[in-house]
Structures are given as C-alpha cells and as structure tokens.
Amino acid sequence: MTSSSTSPRSDRRAWIMLIVLTMLTTAGMTVVLPVLPFVVLRYVSNESDLAVWVGVLEAVNGLCAFLIAPFLGRLSDRFGRRPVIIVAALGAAVSMTLFGIGGALWVLLLARVIQGATAGDLPALFAYLADITPPEKRAQRFGLLGALSGIGTMVGPAVGGLLAAISVELPVFLTAAVSFVIALLSIFLLPESLRLENRIASIRVADLHPFAVFREAFGRRELRGLMIGFALLALPFGMFVNNFSVMAYDSIGWGPTAIGLLIAAVGIIDIIVQGALLGVLLPRMGERAVIVSGIIGQALGLAALALVASVLAQPWVFIAGSLLLAAGQGAAQAAMDGAMSNAVGADEQGWLGGATQSLNGAMSTVAPLLAGALYAVVSHAAPYWLGALLMVVAAVVIARARFTDAARLPRAASPSAVDAAA
C-alpha cells in the first residue's frame, strides 16, 4: 500500500538516516585518502611517475562518473533515491575490495572504473535532502549536512592514517566494509523520500547523454551562472584533492599518518564553518556573498600551497593553506548547493544532482591529469597557481550570476516528501 501522506515520525527517520548515511559515506571515502599514493607506489617502477599515475586513476574514476551520473540522477527521479543509494554503496564495496587486493595497475584501474560507474550516492543524497526540506531552508540544511560530513572527514582520514601504520591496504578494506554497511542500512532502514506525484513518468534518451544534460542546464538562465561557477570551483579543488598527498610527501616529507591527521583537521573546520558559521552568515549576508567570500578564501589557500611547493616548504604554511582552502570550500559549496536546488522543480532534483555530479566527474577527469602533468613537467607549484587564478574568475562569475529567491518559491503541502509507506 502506497501513501503520499507523511508523518512526523517518518520525517525524523528520514533525516536521521540521511545524517547517518552522509557521515558514513564521507568517512568511508576519506579513510583511503592518506594511503592512496602509497598503494599506487607499490606498482609504479619509477617514483617520479607517481603523480601521473595517481592522476590517471582518478581521471578514470571521474570519466566514468561523468558518463553515468545523468542516468543515475534521472533514475532517482523516476524510481526514487533509495535504489540509487543502494547500488552506489554496493559498487563502492566491490571497488574498494578490488583496490585493496591490487596486484597490478590494471586491477587498480578496474576498481576505479567500477567506483565511477556506480557513483550515484552523492547526487541521490543531494536530491534526498531537497525532497525533505522546504526551499528557504535548503542552503542552511546543506550546510548542516556538510558539517556532519565534516565529522566523517575528521574521523575517516585519522583512522586511515593510523591503520596505515599496520598496512596500507587495511584502510582500503575498511572503506569496502563501510560501503557494505551503508548498503544494508539503506535496504532495511532508509525510507524513500520522493513522492509518487513528484516522480517523472519516463526517462528520455536526451536525459542520459551528459552533453545534452549540460546543454539544458547551461541553457537555463537561472542555472547558467551557477553551473559555470561550479565548474570553475571543481577544477582547482579536484587538482588539490588528487595532488596534495603527493606534494606533502615531496615538499615536507610527510607520510600517511601526518596526512591523515591534516585531513581530520579539515573535517573539524567543516564542522565549525558549515555547522555553526553558515547559520549566522546566510541570513545576514545571503547566498551570493557567502559563496564569493568562500571562493576568495579558497584562492588564498591555494596561493599558500603554491608557496609551499616552490619557495616556502614549511609545514605550518601547508597546514594553514589547506585549512583556509577547506573553510572556503565548505562555505561556498553549501550555499551553492542550496542556490542550485532552489533553481529547479521538485521533480528535477535528481536531474540536477546528476548534472552536477556529471560536471564534477568531467572536472575530476581533467583535474588529476592536468595536476599530474603540471606538477611533473612545469613545476610543483603550477597546479596551485592555476587553481588560485580560476578561483578569482569563479568569484567574478558568481558575483554576476542570477539567483532564485527562495522566499518566492512555492512551498510543498508538507515540509517533507517522505513516503510514509516506503
């Protein structure tokens, strides 16, 4: 029996499960960050090629996500968010198990292909939050969810760095186990958030082609500036995420434990910025000003990292630059997510999540390759100077972008879209 009604109990259950799954997903993804270069290093004959191979592996992952994300996003608009979240979790479990087993570079490549091809968890979770939250509260709730992700980001890398002292593969297998737990929780405890009346009747072929999705998204006046800004932000942040462990190893001699503790500190910054500061800043400054301020913070952080890679190889500068970049990214991304979500209808949240994830996948394909090439051929600082420049351009684009006023959007009959019978 299906019902479109909701109840406070189902609302609370949906929000609690969203929190738990987001924290577990973030912790699972970040457990492996401190050890990825060291796992790859075992299969690279020339250590100078490490940055390039790390870039190739992440580019393969990004390319697969770019191709499949629109399909997964639209699939969630048709059948609900829950099936996509389950498939993504199972795919991550298989991928990380293969990555941990390893044995050759082609096995690592296959693992990243599987990871990218099932990477529908973040768009589905994005759409899930939009389903259960009224428009005027979305930016703040995205910030709260980002703060809770910060807890995962704080715990995951710290655990990964400590486990790496036993074995560099151990954090990878832990990630696989966490992903399997997420799948089980989603199967047995997660209520569906998308109401039957908000589901699309069919999926068009055009909805499955990433370039067609981009054409539609960039063609909408209310989304164009935000999507351009999103792409400009994603590229330098992708270069940082995929290269900073290599730079920490090269420039200041850090190992996986120190890198893991720094990423844990990034999680603490996320908690402070998105959990506390955004609730104060958004009502006073508005989404646009928060995004621009966050972008400026990221540009300064990237400039500091460029100095570390070139003339000032000091741990305290590396730490300060990383934390400033994280603080700016957390504030800008939460406000950006809220602004984009408010620009589309209730039946397009999955489409939007798929479009942004596909765009992020495209940037994640280019970013590691570009970072690896610049780092190895031009200079270790080149990816970070380029990133800082792109951030400045992004700030100008967002300052001129069109924003939808959440206060004028129609409210749903209920603050939640959770199907009580799911």
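The values are calculated or read from the model by the stated rules, or taken from the named source; none is laboratory data. On a predicted model such as this, the values are computed, not experimentally measured, just so you know. For neighbour counting, all protein chains shown are included, and Cβ atoms are generated from backbone atoms with ideal geometry for every residue, glycine included.
Observations
Residues are listed down the side, and each one gets a yes or a no for (1) touching a Phe, Trp or Tyr at 6+ places or on another chain (Cβ under 9 Å); (2) in contact (Cβ under 8 Å) with a residue 12 or more places away in the chain; (3) over 25 Å from ALA93 (Cα atoms):
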| site | (1), (2), (3) |
| --- | --- |
| VAL178 | no, yes, no |
| ILE187 | no, yes, no |
| ARG199 | yes, yes, yes |
| VAL205 | no, no, yes |
| ARG215 | no, no, yes |
| ILE228 | yes, yes, yes |
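- Unmet criterion (only one of (1) outside any helix (DSSP H, G or I); (2) in contact with a His (Cβ under 9 Å, 6 or more places away or on another chain)) for ALA309: (1)
- Criterion applied to ILE268, ILE263, ILE272 was being assigned to a helix (DSSP H, G or I), β-branched (Val, Ile, Thr) and surrounded by 17 or more Cβ atoms within 10 Å (Cβ to Cβ), and the one residue passing it is ILE263.
- ARG82 basic (Lys, Arg), at pLDDT below 80 and part of a helix (DSSP H, G or I): no
- Taking the listed residues ARG138, ARG82, the one that is in contact (Cβ under 8 Å) with a residue 40 or more places away in the chain, under 29 Å from VAL213 (Cα atoms) and touching a Gly at 6+ places or on another chain (Cβ under 7 Å) is ARG138, with no other qualifying.
- Qualifying residue in region 228-240 (condition: more than 27 Å from VAL292 (Cβ to Cβ) and either in contact with a Pro (Cβ under 7 Å, 6 or more places away or on another chain) or of a type in the set (Lys, Arg) (or both)): no
Listed here are the residues, each with its yes/no results for (1) under 17 Å from VAL39 (Cβ atoms); (2) polar (S, T, N, Q); (3) not in a loop (DSSP other than H, G, I, E, B).
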| residue | (1), (2), (3) |
| --- | --- |
| GLY161 | yes, no, yes |
| VAL168 | yes, no, no |
| PHE173 | yes, no, yes |
| VAL181 | no, no, yes |
| ILE187 | no, no, yes |
| LEU190 | no, no, no |
| LEU194 | no, no, no |
| ALA201 | no, no, no |
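- Of the residues making up region 288-334, those that are more than 21 Å from GLY238 (Cβ to Cβ) and either buried (at least 24 other Cβ atoms within 10 Å of the Cβ) or among the aromatic types (Phe, Trp, Tyr) (or both) are VAL290, TRP316.
- So PHE66, is it within 20 Å of the chain's Cα centre (by Cα), over 18 Å from THR25 (Cβ atoms) and not hydroxyl-bearing (Ser, Thr, Tyr): yes
- Filter result for VAL60 (part of a helix (DSSP H, G or I) and out of contact with any Lys or Arg (no Cβ under 8 Å at 6 or more places or on another chain)): no
- Applying a threshold of 6 Å to beta carbon distances and a minimum spacing of six or more residues, or different chains, the list of pairs starting in region 337-357 at a residue that is under 21 Å from ILE291 (Cα atoms) and ending at one that is aromatic (Phe, Trp, Tyr) and surrounded by fewer than 24 Cβ atoms within 10 Å (Cβ to Cβ) reads ALA339/PHE403.
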